[in-house]
Amino acid sequence: MDSKDDTYISGTEYTLMTLASLLPFRVRVGVEDTGDDSSYAWMEISSGSNAARVRLDLPSRRYWDSGRVKVHYINDIPVLYVRRRPEYLFQGGRCGFDILGAVFYLLSRTEEYHAPRDMWDTFPVFYSSLYVQGVWMRPLVNLWARVLEKELRTLAKQKNIPLRQVPLWPDGHTFALAITHDVDVVSTSVWHHHLTRWRDNPMKARRVPLLVAKVTRSIVKGAQEHHFLDDWIELEEQYGLRSTFYFSVPVDYRHLYDNVYRFDERIHFRGRTSCLSDVMREVADEGWEVGLHSTYNSYDNPVRLRFERMNIERVTGRQVLGVRQHWLHFDAGLTWPAQETAGFLYDSTLGYNESPSYRAGIAFPFRPYHISEYRVLHLWELPMTIMDKAVFGQSGLRMDEFIGMELCRRVVADVALTGGLVVVNWHLQYRDEHRYPGWWNVYKSLLSYAQELGAWIAPAGAISEYWDERVRLLGLDTYRL
Ligand SMILES: [Zn+2]
């Protein structure tokens with residue numbers, strides 16, 4: 001495919017290549033530009049001179065805004081549309097809905113540009129058109145990719161064209177589960193954490209009694225401190241699994257919401273007391289991924305993100321592949337480009353604080369697209385699907401262990417059926433079963449359930465590296481960059 005410079009790529013080409021990356025075989029993609037209404041996009045399978053094409057309408061992009069988006073179900077599959085209500089999914093190699101318009105609208109996060117923000121400066125699920133249409137819990141792009149795959153397979157059979165297979169996941173796994181942990185707290189009852197938080201609080205004068213109570217409790221209960229990392233590592237070791245831990249860096253531009261632990265913190269780990277930095281290096285050496293949990297005020301700032309990344313790298317002596325913004329403080333037009341400039345392979349922030357979701361309608365790794373610069377960003381997004389707090393917490397769905405477990409299983413099963421990727425995020429401090437009954441159990445059950453269903457369970461970094469290589473094998477080099 002031609003490109004005007006190294007990174008320029010039109011929204012239509014980008015969307016075609018993203019869809020091609022979700023198929024388990026190689027296709028060619030392109031646009032037949034006749035200069036009039038009969039222009040169309042295509043996806044082709046071929047063998048020698050024998051070829052077959054699926055035809056897709058060019059997107060009616062200017063109509064795609066959140067106020068116009070509606071949903072219509074065809075064969076139980078939810079289809080988004082903005083103008084004419086679609087009547088079929090595919091017929092005789094032709095797509096019956098504006099798949100390119102819909103996928104671009106979802107992945108580029110068009111609706112989040114110039115959208116209102118909540119009191120934490122995030123874009124909450126309630127503002128999204130998918131929530132309004134009742135489909136924020138459906139992996140739409142995954143479902144459409146499977147329908148597209150079916151159509152291409154039918155054509156291949158009719159025309160006797162062998163498909164050049166490139167499986168979605170390695171070693172016969174049918175879907176993937178990335179297990180990740182945001183490290184907001186490494187231990188409880190550390191009195192200087194309370195002091196730091198109090199010092200930064202603009203209401204500190206009124207909070208003196210609360211501070212005294214917390215510090216006193218810390219000192220009295222010092223003997224019962226929880227050092228969470230130990231338990232998570234041990235659990236995952238029992239399962240023979242590795243996960244990602246995103247750690248925060250102490251910075252002088254810290255926000256009231258930011259974490260307060262330091263790398264010289266003393267924590268109990270494997271029966272001894274060690275420096276947090278030594279523990280981070282130890283777990284990184286044993287195959288766990290150590291990523292960056294970037295600070296609240298870094299979300300639009302590549303210099304800060306790079307500084308934080310290099311700090312983690314200095315501690316572990318390894319490259320940091322990925323990042324998740326603390327508080328999910330994220331702005332599509334600012335955060336992705338900043339992360340790209342700061343040199344990350346992937347981000348895994350795209351999810352909601354209020355509910356499990358498919359924020360971009362997709363449960364697969366994908367390249368973000370910069371709307372105003374017409375280019376693909378040199379970064380992978382691994383959208384966060386399920387976060388513990390969003391299921392059980394006060395700012396989330398406030399479910400109990402059993403309902404929460406049912407919901408989590410449903411998400412995993414839905415994604416498994418479409419061959420996608422589930423990203424789960426369990427915070428270290430919710431290991432405390434006394435204060436958070438059931439949260440830890442649900443994590444354990446999720447691991448067993450995903451294993452039963454045939455998931456490839458891995459850290460987010462390993463999944464990003466795998467996907468990057470797979471896209472190269474598919475011949476989507478322009479998309480891969
Ligand atoms: Zn956090």
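The values are calculated or read from the model by the stated rules, or taken from the named source; none is laboratory data. Owing to the predicted nature of the structure, the values given are computational and were not obtained by experimental measurement. When we count neighbours, we look across all protein chains shown, and the Cβ atoms used for this are built from the backbone with ideal geometry, even at glycine.
Look through region 296-326, keep the residues that are surrounded by fewer than 19 Cβ atoms within 10 Å (Cβ to Cβ) and acidic (Asp, Glu), and return whichever of them is nearest to residue 286 (Cα to Cα). Per the criteria, the residue is 313. Among the numbered conditions (1) out of contact with any Gly (no Cβ under 6 Å at 6 or more places or on another chain); (2) within 30 Å of residue 454 (Cα to Cα); (3) not β-branched (Val, Ile, Thr), the only one that residue 84 does not meet is (2). Only one of the numbered conditions (1) of a type in the set (A, V, I, L, M); (2) within 16 Å of the ligand (Cβ to nearest atom); (3) modelled with pLDDT under 90 is not met by residue 183, and that is (3). Against the conditions (1) within 16 Å of the ligand (Cβ to nearest atom); (2) touching a helix residue (DSSP H, G or I) at 6+ places or on another chain (Cβ under 6 Å), residue 121 satisfies every one except (2). Of the residues making up region 124-139, those that are touching a helix residue (DSSP H, G or I) at 6+ places or on another chain (Cβ under 7 Å) and assigned to a helix (DSSP H, G or I) number 3.
Residue check: residue 376 meets all listed conditions (1) more than 16 Å from the ligand (Cβ to nearest atom); (2) within 29 Å of residue 263 (Cα to Cα); (3) touching a Lys or Arg at 6+ places or on another chain (Cβ under 6 Å) but one, namely (2).
Show me the helices (runs of 4 or more DSSP H) found entirely inside region 363-481 where at least 3 residues are surrounded by 20 or more Cβ atoms within 10 Å (Cβ to Cβ) and either touching a helix residue (DSSP H, G or I) at 6+ places or on another chain (Cβ under 7 Å) or in the same structural domain as residue 333 (by TED's automatic domain parsing) (or both).
In region 363-481, 388-392, 401-417, 439-452, 460-473 are the helices (runs of 4 or more DSSP H) which contain 3 or more residues that are surrounded by 20 or more Cβ atoms within 10 Å (Cβ to Cβ) and either touching a helix residue (DSSP H, G or I) at 6+ places or on another chain (Cβ under 7 Å) or in the same structural domain as residue 333 (by TED's automatic domain parsing) (or both).
Pick out, from region 231-329, the strands (runs of 3 or more DSSP E) lying fully within it that include 3 or more residues that are over 23 Å from the mean Cα position of the chain (by Cα). Hits in region 231-329: 266-269, 272-275. Restrict the check to region 399-420 and report whether at least one residue is within 15 Å of residue 352 (Cα to Cα) and either out of contact with any Cys (no Cβ under 9 Å at 6 or more places or on another chain) or of a type outside the set (D, E, K, R) (or both). Yes, some residue in region 399-420 is within 15 Å of residue 352 (Cα to Cα) and either out of contact with any Cys (no Cβ under 9 Å at 6 or more places or on another chain) or of a type outside the set (D, E, K, R) (or both).
On the given criteria, is residue 289 assigned by TED's automatic domain parsing to the domain that holds residue 264 and touching a residue at least 60 places away in the same chain (Cβ under 8 Å)?
Answer is yes for this residue.
Of all residues in region 52-71, those being closer than 13 Å to residue 144 by Cβ and out of contact with any helix residue (DSSP H, G or I) (no Cβ under 7 Å at 6 or more places or on another chain) number 1.
Residue 346 passes every criterion in (1) in contact with a Gly (Cβ under 7 Å, 6 or more places away or on another chain); (2) within 15 Å of the ligand (Cβ to nearest atom); (3) not small (Gly, Ala, Ser) apart from (2). Here the condition is being buried (at least 23 other Cβ atoms within 10 Å of the Cβ) and either part of a helix (DSSP H, G or I) or polar (S, T, N, Q) (or both); of 103, 147, it holds for 103 alone. Checking each residue in region 321-343 for being away from the ligand (no atom under 16 Å from the Cβ) and not polar (S, T, N, Q) picks out 321, 331, 332, 333, 334, 336, 337, 338, 340, 342, 343.
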